[in-house]
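Peer 1: Got a structure here, written out as structure tokens. Questions coming.
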Amino acid sequence: MTVFLVIVVLALLAITGWQMSKIFQLSRSPDEDTSEIANDKDNNSQGLFMMIFVILFFILMAYCFWYYSRFYLPGASSEHGSEYDSLMFISLAVIMVVQVLTQALLFYFSYYYRGNKRKKALFYADNDKLEFIWTIIPVIVLAGLIIYGLFTWSSIMNINEDDDPLVIELYAKQFSWTARYAGEDNTLGKANVRFIEGINTVGVDVNDNYAEDDIIATELHLPVGRPVLFKMRSQDVLHSAFFPHFRAQMNVVPGMTTQFGFTPTITTEDMRSSEYMVDKVRTINEIRKENSQQLMANGEAPLDSYEFDYYLLCNKICGVAHYNMQMKIVVESPEDYNAWIAEQQTFGATMADQEPPSGQEEQLKEEKREAPKEVRETMEAMEQGEEI
Ligand SMILES: [Cu+2]
């Protein structure tokens, strides 16, 4: 209904404007110049509008830079991150210089060379020298940017296996991430979606010896300063592993393994105590406090106070709960990491807990055969995973 009323009001406003312009035309004195051809007065006002437009445009641009700079991420938390940031800022600086120069000249010339009855346009066919200059300069600048980009790309993407990177598999499915650490041998066991069964939710090959010591976790712990190599698999659709603070992103594609490696340089604790983050967290908590007061006035529970954590996000719109597909990342000292990993259960141990020890299976079968009908039915239901 509101939409309908808005449309009616807009239509009425348009009709009013049209009628007003007709009245305005009719009320003109007969001596006035009503020709459709621009005269000097028109040219002067149009030229002035051009200048006003470009000045307002630059003011708006400067305001946007100032306003949106508060949404910048903090400095990169990975080794390659600063290379990546430099590439982006240099590209942006080159684009900005060219943009400001060309836009300013374009509008200034429109104003300066505006139509004038006393001036005659000069016929100027072409100038080889000028064309050469404005072709060769962009070629050199663009080639420089592309070569610089390619070098940065290859230094980021080439993972040196001699650095003994920590190998971790990131397994994506709608709508969660699972991490699989390669364990003591730092070699991941084979895996395939066809092996998914029961608690083996990421499809690890139980017969592969390398899989025995793999560790599956729902939180990603990384030791600071050690190169990490991520191998990524997807169970269902295209996802994208996005680590904004580490300046890393890689598509996760069903049916193939993609990889990306980086070295985290700032622990979660250090990032929390950085000036940038203290300030940001304070602002977020002030907003939360205000909102909590409103919520409590309505009899609802207040919001928790916010604390910074790194997160791995999905950056491909992969379905309805895509926005919530995330995994907490904890970057910590090597000692803390070693203590954490020592507490985790290996894949082999998890599977062994599930399987009855040899001999017990036969005994269970026997018991089932001899049990009364109701007990047998309950046992069968339990085997099929039904809740009793
Ligand atoms: Cu996703």
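The values are calculated or read from the model by the stated rules, or taken from the named source; none is laboratory data. These numbers come from a predicted model, not from an experiment. All Cβ positions, glycine included, derive from the backbone under ideal geometry; neighbour counts span all protein chains shown. Side chains included, ligands, DNA and RNA excluded: accessible areas come from the protein's heavy atoms. Shrake-Rupley method; radii C 1.70, N 1.55, O 1.52, S 1.80 Å.
Peer 1: Rounded to the nearest 500, what is the chain's calculated 222 nm mean residue ellipticity when only DSSP H runs of at least 4 contribute -39500 (n - 2.57) each, over all residues? Could you put the intermediate results ahead of the total?
Peer 2: Numbers: 10 runs with 184 residues, N = 388.
Per the formula, -16000 deg cm²/dmol.
Peer 1: Keeping all protein chains in the complex and leaving out DNA, RNA and ligands, what accessible area do you get for residue 316 with a 1.4 Å probe, in Å² to the nearest 10?
Peer 2: Counting only protein heavy atoms, the figure is 60 Å².
Peer 1: I would also like to ask the following. Over 27 Å between Cα atoms: which of 173/289; 231/280; 280/328; 289/316 fall into that group? Don't jump to the answer; show the numbers that get you there.
Peer 2: Working: 173/289 35 Å; 231/280 33 Å; 280/328 19 Å; 289/316 32 Å.
Distance filter (> 27 Å) returns 173/289; 231/280; 289/316.
Peer 1: Placing +1 on the Cβ of each Lys and Arg and -1 on the Cβ of each Asp and Glu in the chain, which of 154, 141, 234 has its Cα farthest towards the positive end of the resulting dipole?
Peer 2: 141
Peer 1: Most fluctuating residue of 264, 74, 244 in a GNM of the chain with Cα springs under 10 Å: which is it?
Peer 2: Taking springs between Cα atoms under 10 Å, the residue moving most is 74.
Peer 1: Quick one: what does P(r) look like for the chain with 10 Å bins over all Cα pairs, in whole %?
Peer 2: Spelled out per bin, shortest first, that is 4, 13, 18, 17, 15, 13, 9, 5, 3, 2, 1, 0.
Peer 1: Any idea what the relative contact order of the chain is, in percent, if you count C-alpha pairs under 8 Å spaced at least 6 apart?
Peer 2: Numbers: 464 pairs, mean separation 59.0, N = 388.
Relative CO of the chain lands at 15 percent.
Peer 1: Running a GNM on the chain with Cα contacts under 10 Å, which residue among 309, 31, 353 ends up with the highest mean-square fluctuation?
Peer 2: Highest fluctuation among the options: 31.
Peer 1: Which FRET efficiency value, to the nearest 0.05, do you get for residue 150 and residue 98 by plugging their Cβ-Cβ distance into 1/(1 + (r/R0)^6) with R0 = 22 Å?
Peer 2: Details: r = 21 Å, r/R0 = 0.95.
For residue 150 and residue 98, the calculated efficiency is 0.55.
Peer 1: What does the accessible area of residue 314 come to, in Å² to the nearest 10, when a probe of 1.4 Å is used?
Peer 2: 10
Peer 1: Moving to a separate point now. To the nearest 10 square angstrom, how much accessible area does residue 224 have with a 1.4 angstrom probe?
Peer 2: Number for this one is 40 Å².
Peer 1: How big, on average over all directions, is the shadow cast by the Cα convex hull of segment 100-210, in nm²? The partial results should precede the final answer.
Peer 2: Working: hull surface 63.0 nm².
Quarter of the Cα hull surface area: 15.8 nm².
Peer 1: Let me ask something additional. Separation between the residue 65 and residue 22 pseudo-spin-labels, each 7 Å from Cα along Cα→Cβ, expressed in nm?
Peer 2: Taking the two extended label points, one gets 5.0 nm.
Peer 1: Taking R0 as 45 Å, what's the FRET efficiency between residue 91 and residue 123 from their Cβ-Cβ distance, rounded to 0.05?
Peer 2: Working: r = 39 Å, r/R0 = 0.87.
E(calc), rounded to 0.05, equals 0.70.
Peer 1: Work out Dmax and Rg for segment 226-281 from the C-alpha atoms and quote the Rg first, both in angstrom.
Peer 2: 14.6, 43
Peer 1: Would you please classify the overall shape of segment 103-160 from the alpha carbon gyration tensor, given that a ≥ b ≥ c denote the square roots of the eigenvalues, rounded means a/c under 1.5, and beyond that prolate means a/b larger than b/c while oblate covers the rest?
Peer 2: Judged from the Cα gyration tensor, segment 103-160 comes out oblate (a/c at least 1.5, b/c at or above a/b).
Peer 1: For residue 300 and residue 45, calculate 0.36 nm times their separation in residues minus their Cα-Cα distance, and state this gained length in nm to one decimal. Write down the numbers at each step before the final one.
Peer 2: Numbers: separation 255, 0.36 × 255 = 91.80 nm, distance 5.89 nm.
Full extension of this stretch gives 85.9 nm more.
Peer 1: Could you check which residue among 172, 14, 104 shows the biggest mean-square fluctuation in a GNM of the chain with a 10 Å Cα cutoff?
Peer 2: Top of the fluctuation ranking is 14.
Peer 1: Over the chain, what is the percentage of antiparallel beta bridges among all DSSP beta bridges, to the nearest 5? Write down the numbers at each step before the final one.
Peer 2: Values: 29 of 41 bridges.
Taking every DSSP beta bridge with both residues in the chain, the antiparallel ones total about 70 percent.
Peer 1: Then there's this: What number in nm² do you get for segment 163-271 if you take the convex hull of its Cα atoms and divide its surface by four?
Peer 2: On the way: hull surface 28.3 nm².
Directional mean of the projected Cα hull area for segment 163-271 stands at 7.1 nm².
Peer 1: Please compute the net charge surrounding residue 288, taking Lys and Arg as +1 and Asp and Glu as -1 over other residues with Cβ under 14 Å from its Cβ. Please report the intermediate quantities before stating the final value.
Peer 2: Values: positive: 280, 282, 289; negative: 286, 290, 300, 304, 307.
My count for the surroundings of residue 288 gives -2.
Peer 1: Given the Cα-Cα distance of residue 137 and residue 256 and 0.36 nm per residue of separation, how much length would full extension add, in nm?
Peer 2: Values: separation 119, 0.36 × 119 = 42.84 nm, distance 4.25 nm.
Value of the extension gain: 38.6 nm.
Peer 1: Computed FRET efficiency, Cβ-Cβ of residue 323 and residue 105, R0 41 Å: what is it to the nearest 0.05? It would help to have the intermediate numbers written out before the result.
Peer 2: Values: r = 44 Å, r/R0 = 1.07.
Computed FRET efficiency for residue 323 and residue 105: 0.40.
Peer 1: Moving on. Under a crude label model (7 Å from the Cα following the beta-carbon direction), how far is residue 158 from residue 353 in nanometres?
Peer 2: Placing both labels 7 Å beyond Cα along the Cβ direction yields 4.4 nm.
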